[in-house]
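Please read the structure below before turning to the comments.
The values are calculated or read from the model by the stated rules, or taken from the named source; none is laboratory data. Everything numeric here is computed off the predicted structure, so don't read it as measured data. With ideal geometry, Cβ positions are generated from the backbone for all residues, glycine too; neighbour counts draw on all protein chains shown. When the accessible area is computed, the model is the full protein with side chains, heavy atoms only, and any ligands, DNA or RNA have been set aside. Shrake-Rupley method; radii C 1.70, N 1.55, O 1.52, S 1.80 Å.
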Amino acid sequence: MSNATTALNGTSRFPAFRIRLNVWTAGTVLAALMMAIPTIAVLIMAVTPADNIWSHLAATVLPDYIITTLLLMTGVGTGTFLIGTGTAWLVTMCRFPGRRLFEWALLLPMAIPAYVIAYVYTDLLEYAGPIQEGLRALFGWTVKSQYWFPEIRSLGGAACMMTLVFYPYVYLLSRAAFLEQSVCVLEVSRTLGRNPWKSFFLVALPLARPAIVIGLTLVLMETLNDFGTVDYFAVATFSAGIFDVWLNMNNVAGAAQLASVLLIFVLVLIGLERRARRGQRFHHTTTKYRALPGYPLRGKWSVLATTACLAPVLFGFLVPAAVLGNYALGHYAATLEADYLAFTLNSFGLSALAALLAVAIGTFMAYGLRLKGGAVLKTMTRFASLGYAVPGAVLAIGVIIPTAWLDNSVDAFMRDTFGISSGLLLSGSIFAVTIGYVVRFLAVSFGTMEASLGKITPNMDGAARTLGKGPAAILLKVHLPLMRSSILTAGILVFVDCMKELPMTVILRPFNFHTLATFVHEYASDELLAESSLAALTIVAAGILPVILLSRTITHSRPGQGRNVARTRPAP
Amino acid sequence: MIGLHMDHVIHAYEDDPPVVRDVSFDVKPGELVCLLGPSGCGKTTLLRLAAGLEIVQQGQISIGDKTVGLGETGHHMPPEVRGVGLMFQDYALFPHLTILENVTFGLTDSNGARYAWARDSLSRIGLGGTINVYPHTLSGGQQQRVALLRALATEPRVLLLDEPFSGMDVTLRANVREQTLTILKETGVATLMVTHDPEEAMFMADRILVMQGGRIIQAGTPQETYFHPANPFVAALFGPINELSGTVQDKAVKTPLGDFETPAMADGTEARIFIRPEGLKMEYSGEPLPDDAGEGYTARVVSARMLGRSSHLRLSFAADAYGTEIDIQARIPGAFLPASGSTITVWVDPNQVFVFPV
Ligand SMILES: Nc1ncnc2c1ncn2[C@@H]1O[C@H](COP(=O)(O)OP(=O)(O)O)[C@@H](O)[C@H]1O
Ligand SMILES: [Mg+2]
């Protein structure tokens, strides 16, 4: 073969290319594995219970946990479904005063962590609170036995609190689904003799079902994750149980076994979500996109619609924000005195670090996947981003197990070799908290980066490659500039999630280390809401950021806008 | 000296059956070769293989005197060092870079002279005043030329163009085609251009490679491809074609439109006869009749329609003694619209008739 020698010429560049390609793939695999460790640790733990307290658990608390958790899930699921899809349908399909405003205002309750809203409403509605006091003054009652008032610190109360702040997930997803349906299918239904309400139930709702299911699974994952509310209300769910068994009974194995039962719930939810996402693909029935006409509502109907949309915003955001604001004005000095600045700094520093890491790892993994797809790599990255579904309490255990093992191994090694003890290096350190955050919220950054990369045509890479740029140069010169706004979005989302995070922080934080969330939790649990209100308000203020981002997306994604522009325009 | 050379190249995506099956060809420097074939036949894949965006699985690819890909050894020179220019069907202009930044994207500081070339070339195509705007503000035709300049800026040895004129309207397409041809002939680069439009291939190409189902089924000049199609597929590539059938007798097949010689086929072979619509000539067609036209054949006009620059006729011939009729389409330059039901005399240009065994 005459080309044999020239072939050798060419090979001189070949090894360099191989190695470079492997750096991306190997890096992606490594990152995915690292991120998967806590989840794997919990899974392993689930199948290999150490000292078995099953029979004890089963005889005492387990049935209670299961029933309470299921009841809570049912309550929150029903509530968020009704509010979420109902308001979504009103703002997409009907015209009534304030509709434009409600489109994004309905997202506001997202800014408030469930535990914060629970503290606020307890403060308002308990026996000594202003509402009951007002009623007593009004009707001249003097003791509790003279009247009936719902007990806020109850299972029902917890379900209401979570419904108020979790319904925006269902709202967002079902609204997007209603918008995507295009009015054509609804009009077909109407020409076939169905009125708008029937059309909603016969066409719009079934078509939006996958999106609604995804929204509901997210809500239920959050419900399982919640610790602050159930702890405060003394509702015995799994998360509360894990804390109880662990911190109060000092039984790690028992906590781990509870965590493994909780994981079954999570796996069911993940399964549901996956199925719904697959189903979603087949629900795009038409590519014709027509502006929604909007049924104009008049008279009492328009008042009803406005009220229906106002209520969740009022009770889910305005009231708690006002209460907190009012308290903060009166008691900010107390919060400052309790070392507010240090907690704020801790929260911001930790959250920023975690956001930075999550975005960096997420981008790396998404790009590694783009460079060298394949089912194996894809499955690995998917698995690595399962953290979002695992409740914080469970994940925290998943972080503690490997870090404790590492600490012990290093300690043993140091003692054997140098005769000194290195003690606990990682356990109960800021490092452990950061890892926990990154693992739990990696899905947010990875998902955002993957979607953002997906919008860049592979031909862009091809063009840059043939113009002499390697993978790293392309990431720097083409992809990162194009993804700027997505990177910022991902960073903000992770940052805010970390700011609000409570259960993992409580378990993993160093001794006597406080963030805004743990501080608020501790103070409010001691009936000192007013004294911690400034801190709570700070968390809520940070929580507004994603709402702003999402509302911008909402206004930009009205039918006929944005879609194609995004592809040809440079990022703003 | 070769520009691009492919030798027995086979390529499959994942576990699917191969989409490129044993393809061999070369493109010489200064030559423009068109890859012509229907959508999905593997044209883009072939370009991506040449550019190094796909790793060759079997066979050999060389550029200049260097082997850039060899299936047997797994040797693969990455695209960034191959020295090929590739223009994508969607142009793939970088939306966050200006026109000038796009064109100079592949340049390094060492080739400063090319920066001047980039500015000059942009001026010459009428974009001198807008070198600092972003691609989305340009029209499709302008974007196409920017993409072309970007691919040429690094002085590639081989230029690959994937359907460079798709998505343009007819008038714009004709203009841009002319300009592109001028630019390419000036640079003298070896060019492989993909298209599914036979007219475009005829217009642009020095040579045409006809592709079908991952194979090159004919390679030749535009004239050869048009007048000597190697098989029914190539014959039918240039538009709808009339098909008749018959049996070879005395080294010829008899049809109601005349007897056509088939020196290479044995007597008794079943044959398919293809007649291009533009191969039918008639009294009113305004062209001199061939010398050997003979008496011609009588046809009944079924319908006549005006297409603009030409007319489309449906004709009916009495096929045999039993009165079976056959339907033939004809295309005549200019306006020629005989009344339906009238009778006309027709001759067939033998250059436009192709006979293949069944
Ligand atoms: N990345 C890919 N993965 C799997 N199949 C592909 C991929 N790209 C193209 N194909 C398939 O290979 C065949 C040839 O595609 P392509 O080369 O793009 O054809 P053409 O450019 O001639 O239209 C098609 O059937 C297409 O579906
Ligand atoms: Mg193609």
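So the values come out like this:
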{"read-out": "Residue of B:Pro277, B:Pro198, B:Pro338 that the Gaussian network model of chain B assigns the largest fluctuation, springs spanning Cα pairs under 10 Å", "value": "B:Pro338"}
{"read-out": "Most to least accessible of B:Asp197, A:Asp226 (protein chains only, probe 1.4 Å)", "value": "B:Asp197, A:Asp226"}
{"read-out": "Cβ-placed point charges (K, R +1; D, E -1), dipole of segment B:240-357 about Cα centre in debye, nearest 20", "value": "580"}
{"read-out": "Exposure of B:Ile183 as accessible area (Å², to 10), given a probe of 1.4 Å and all protein chains", "value": "20"}
{"read-out": "Cross-link reach list, lysines versus B:Lys251, counting only Cα pairs under 27 Å and skipping chain neighbours closer than eight places", "value": "B:Lys281"}
{"read-out": "Sum of side-chain charges, A:Phe166 neighbourhood, beta-carbon under 11 Å (Lys, Arg +1; Asp, Glu -1)", "value": "-2"}
{"read-out": "DSSP H segments from chain A that extend 27 Å or more along their own axis, Cα-based, with Kyte-Doolittle mean of -1.0 or above", "value": "A:14-47, A:62-93, A:155-180, A:205-225, A:252-281, A:340-371, A:392-418, A:430-454, A:480-500, A:529-556"}
{"read-out": "Surrounding net charge for B:Pro222, when Lys and Arg each add one and Asp and Glu each subtract one, Cβ distance under 12 Å", "value": "-3"}
{"read-out": "Long-range HN-HN contacts of B:Gln58 with modeled amide H, under 5 Å", "value": "B:Ile10"}
{"read-out": "Expected-Rg normalisation [2.2 N^0.38 Å, Cα atoms] applied to the protein assembly as shown", "value": "1.24"}
{"read-out": "Set A:Lys469/B:Lys66; A:Lys378/B:Lys66; A:Lys477/A:Lys500; A:Lys477/B:Lys66; A:Lys455/B:Lys185 screened for pairs whose C-alpha atoms are more than 25 Å apart", "value": "A:Lys378/B:Lys66; A:Lys477/A:Lys500; A:Lys477/B:Lys66; A:Lys455/B:Lys185"}
{"read-out": "Sequence-distant residues sharing a close amide H with B:Thr255 (under 5 Å, placed H)", "value": "B:Phe260"}
{"read-out": "Heavy atoms of A:His56: accessible area, 1.4 Å probe, square angstrom to 10", "value": "110"}
{"read-out": "J(HN,Hα) series, segment B:33-41, from Karplus relation 6.51 cos²θ - 1.76 cosθ + 1.60, nearest Hz, glycine and proline x", "value": "10, 9, 9, 10, x, x, 4, x, 8"}
{"read-out": "Helix B:112-124 vs. chain B, principal-axis angle (Cα, 0 to 90°, nearest 10)", "value": "40"}
{"read-out": "Dipole magnitude of chain B about its Cα centre (Cβ charges: Lys, Arg +1; Asp, Glu -1), debye to nearest 20", "value": "940"}
{"read-out": "Cα-based equivalent ellipsoid, segment B:4-235: semi-axes from gyration tensor eigenvalues, Å", "value": "29, 22, 15"}
{"read-out": "Percent of alpha-carbon pairs separated by more than 20 Å within segment B:97-224", "value": "48"}
{"read-out": "Amide H contacts under 5 Å for B:Leu53, placed H, 5+ residues apart", "value": "none"}
{"read-out": "Choice from B:Leu149, B:Leu181, B:Leu46 with maximal GNM fluctuation in chain B (Cα, 10 Å cutoff)", "value": "B:Leu181"}
{"read-out": "Residue among B:Met193, B:Met265, B:Met211 with the largest mean-square fluctuation in a Gaussian network model of chain B, springs linking Cα atoms under 10 Å", "value": "B:Met265"}
{"read-out": "Spherically averaged projected area in nm², based on the convex hull that wraps the Cα atoms of segment B:240-357", "value": "7.5"}
{"read-out": "Accessible area in the full protein assembly, largest first, 1.4 Å probe, for A:Ser421, B:Ser342, A:Ser174", "value": "A:Ser421, B:Ser342, A:Ser174"}
{"read-out": "The protein assembly as shown - percent of accessible surface contributed by carbon and sulfur, probe 1.4 Å", "value": "61"}
{"read-out": "Residue-averaged beta-carbon neighbours from other chains (10 angstrom radius) around B:68-77", "value": "4"}
{"read-out": "Cβ neighbours within 10 Å from other chains - mean over A:464-476", "value": "6"}
{"read-out": "Value of relative contact order over chain A, rounded to a whole percent, pairs C-alpha under 8 Å and six or more apart", "value": "24"}
